[in-house]
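Report on the following structure.
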Amino acid sequence: MSKAFSEEQKKELKREMIVVAKEFFSKRKFEDVKVIEITKKVGIAKGSFYSIFRSKEELLSEVLAIIEKEIHSEIISLFSESLIKKETLVKIIANTLIKVSENVLLQSFLTTDNIKSVYDNVSEETKRSMFEIDENLLKQLIGAGLTLKVDIDIAVDLLRSIFYLQVFKEEFQSESRQFNEVLVEAIIEKVFE
């Protein structure tokens, strides 16, 4: 039987599990990391995990949110320093895709099965939170000098699709870096003034 934790203890355990999971997911594939490993390292019973997270996928979504916010901060920092906004954004996103392809944790997530598993096993609140992180990036880009040509929901979905397409990069007929640059440029041109 799992121990009952106070709200403060849950917050601290949640933070600790996110740190541990980020470490594990950075070294091994998502499906190879077991909940029992995470709870053991944190020092709680396996059953206690589920009083804090709905699923391992929900924990992964928390780890991804942290990484995504770090990436977004870097994008905004580089973007804000530029005078040529759209061209700079294309280069920044294309370079970000290269970094994503080199990140073990993100590559582990960017498989058809794992993306579907995460979306199938997280709450609607978590899904909304994931969308809001991307929406916030878009709002920051708008605040830093871009204007949208399309509805913000469409813009967010288009920008997210660039990253989700990386699941299929091995299937591209063209070299993936070149494909990504053309794709990013086309989407940025269509989305922003």
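The values are calculated or read from the model by the stated rules, or taken from the named source; none is laboratory data. Fair warning: this is a prediction, and the values are worked out from it, not measured in the lab. Here the Cβ is made from the backbone with ideal geometry for all residues, glycine too, and neighbour counts use every protein chain on show.
Whenever a residue of the range 16-44 is among the charged types (D, E, K, R), its partners that are surrounded by 14 or more Cβ atoms within 10 Å (Cβ to Cβ), lying with C-beta atoms within less than 6 angstrom and at least six residues away or across chains, give the pairs 16/42; 22/63; 29/108; 41/20. When the range 74-111 is filtered for residues that are among the acidic types (Asp, Glu) and modelled with pLDDT under 85, the ones remaining, listed by number, are 81, 102. Filtering the range 28-36 for residues that are closer than 23 Å to residue 184 by Cβ and either β-branched (Val, Ile, Thr) or within 17 Å of the chain's Cα centre (by Cα) (or both) leaves an empty set. Exactly one residue among 86, 99 is under 26 Å from residue 171 (Cα atoms), part of a helix (DSSP H, G or I), among the charged types (D, E, K, R) and out of contact with any Pro (no Cβ under 7 Å at 6 or more places or on another chain), and that residue is 99. Screening 139, 169, 149, 91 for residues that are under 28 Å from residue 32 (Cβ atoms) and charged (D, E, K, R) leaves exactly one candidate, 169.
When each of 62, 81, 70 is tested for being in contact (Cβ under 8 Å) with a residue 24 or more places away in the chain and among the acidic types (Asp, Glu), the lone residue that passes is 62.
When restricted to residues that are among the hydroxyl-bearing types (Ser, Thr, Tyr) and buried (at least 18 other Cβ atoms within 10 Å of the Cβ), the range 56-87 contains 1.
Counting only helices (runs of 4 or more DSSP H) wholly contained in the range 102-193, the ones carrying 2 or more residues that are surrounded by 14 or more Cβ atoms within 10 Å (Cβ to Cβ), in contact (Cβ under 8 Å) with a residue 60 or more places away in the chain and in contact with a Ser or Thr (Cβ under 8 Å, 6 or more places away or on another chain) occupy 112-120, 124-143.
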